[in-house]
Amino acid sequence: MSVQAHPQLASMLRILLLEDSPLDAELVSEALASADLSVSMERVDTAADFTRAVQEGRWDIILADYRLPAFDGLSALEIVQARAPGTPFVFVSGALGEEVAVEALKRGATDYVLKHSLDRLPGTVLRALAEARERADKRHAQDALHALLDRQTALLHELDHRVKNNLQLILSLIGIEIRQAEDDQSRQVLGRMRERMQALAAAHRDLYDGKGAARFDASSFAKGLCQELTAAIPGVRIVPEFEVENVEVEASKAAPIALLFNEIVVNALSHAYIERHGKLKLTLRIRGGVLLFQLSDDAFSPDEKQAAQNSASGTVLKALSRQLDAHVEWPQGEPATLVRITMPAQDVS
């Protein structure tokens, strides 16, 4: 066959035709030629030849009669799906009832054309090729996206690993400095720095621990912080209690929120429990577009509340509050409440 290529096609079509009638095969060729489709066609009529052709060739499309003397189109379709998945498969049959046609499409056939309507064949072939090309393009795009995600995930894991190592190194260096400090004041300052670094390390751990870096679980972090600090301070019998809702914030706020929560909790445990026992009730929730973080007990004495407020790291708290647009309140008229922090919750879920 020597005809001009169809404008939608860049090269000659390679077609495998399963057909036992040479006359019907010629009619198929003429129908395609009449639409200026440039094709190279191979005809087979046995299961063995069809299987060999599918395995050896890369076909643009496969046309198949539904019923042959010793073979059938549905069996041919199964062979194609197993050995050349994605290749368009069109039945070209003399008679194909509606139920049979529906069953063929359910099993994966692209389309069907009746032999007495071969004028439909060129359009059906072009449509099948376009759909196959669209599926291939989508598959390639998905593969490229998966490869990109894999590379980004590997980069994130590498970054996570390096940051964890660096944080641990800094904590180790601070520990050395604490042991070698010559006076209590230096050890105390270095100890506070270590606590802040530990809070950052915990925030980083929660943020990147298999969840990606989109959201920070503030509620889980706050509960873990209170539990760790109440258990770590010697001579303290303070029991943490929680009234905490699920609160997640954007990743960019993880570090300042972790430091703010740490500053408040450490200050409370250090200065607001004169007899070193009691309850540390943590409340964390969202109401009316405002995030609330609050520490309370059954009751704090005026001296305890004043000691906590006076000992709070004023400069640090002010800087963190400004960064988060947060308000820190030490309510004097509420004996049970030590400190209350509120901040806008537009970026909170």
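Quick rundown of the values:
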| item | result |
| --- | --- |
| Residue-normalised accessible area of the range 116-199, expressed per residue, 1.4 Å probe, Å² | 73 Å² |
| Segment Ser270-Gln168, length gained on full extension (0.36 nm per residue, minus Cα span) | 34.2 nm |
| HN-Hα J in Hz across the range 75-92 - Karplus 6.51, -1.76, 1.60, θ = phi - 60°, x for Gly and Pro | 5, 4, 4, 4, 5, 5, 5, 7, 10, 9, x, x, 6, x, 10, 10, 7, 10 |
| Heavy-atom accessible area order for Glu131, Glu56, largest first, 1.4 Å probe | Glu56, Glu131 |
| Selection of trypsin sites (Lys or Arg not before Pro), the range 42-98, meeting DSSP coil and at most 14 other Cβ within 10 Å | Arg58 |
| Over the chain: helical MRE at 222 nm, DSSP H runs n ≥ 4 each giving -39500 (n - 2.57), nearest 500 | -17500 deg cm²/dmol |
| Computed E for Ala232/Ala147 - FRET, C-beta separation, R0 41 angstrom, nearest 0.05 | 0.40 |
| Lys pairs, the range 78-232 - Cα-Cα below 22 angstrom, 8 or more residues apart or on other chains | 5 |
| Furthest towards positive pole of dipole, Ile341, Gly108, Val92, structure part the chain, Cβ charges | Ile341 |
| Difference of contour (0.36 nm per residue) and Cα-Cα distance, Glu182 to Ser11 | 53.2 nm |
| Reported label for calculated Rg/Rh (Cα atoms, Kirkwood Rh) given (1) 1.38; (2) 1.11; (3) 0.95 | (1) |
| Qualifying lysines (Cα of each under 19 Å from Cα of Lys305; at least 8 residues distant if same chain) | Lys279, Lys281, Lys318 |
| Note, ³J(HN,Hα) from phi for the range 130-135, Karplus 6.51, -1.76, 1.60, rounded to Hz, x at Gly and Pro | 5, 5, 5, 5, 5, 5 |
| Of all accessible heavy-atom area on the range 68-154, the percent that carbon and sulfur account for (1.4 Å) | 53 percent |
| Amide H contacts of Ile61 (H built 1.01 Å from N, under 5 Å, at least 5 apart or other chain) | Arg14, Leu16 |
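The values are calculated or read from the model by the stated rules, or taken from the named source; none is laboratory data. Just so it is clear, the structure is predicted and the values come from calculations on it, not from any experiment. Note that each Cβ is placed from the backbone with ideal geometry, even for glycine, and that neighbours are counted across all protein chains shown. Each accessible area value is taken on the protein alone, full model and side chains, heavy atoms only, with ligands, DNA and RNA left out. Shrake-Rupley method; radii C 1.70, N 1.55, O 1.52, S 1.80 Å.
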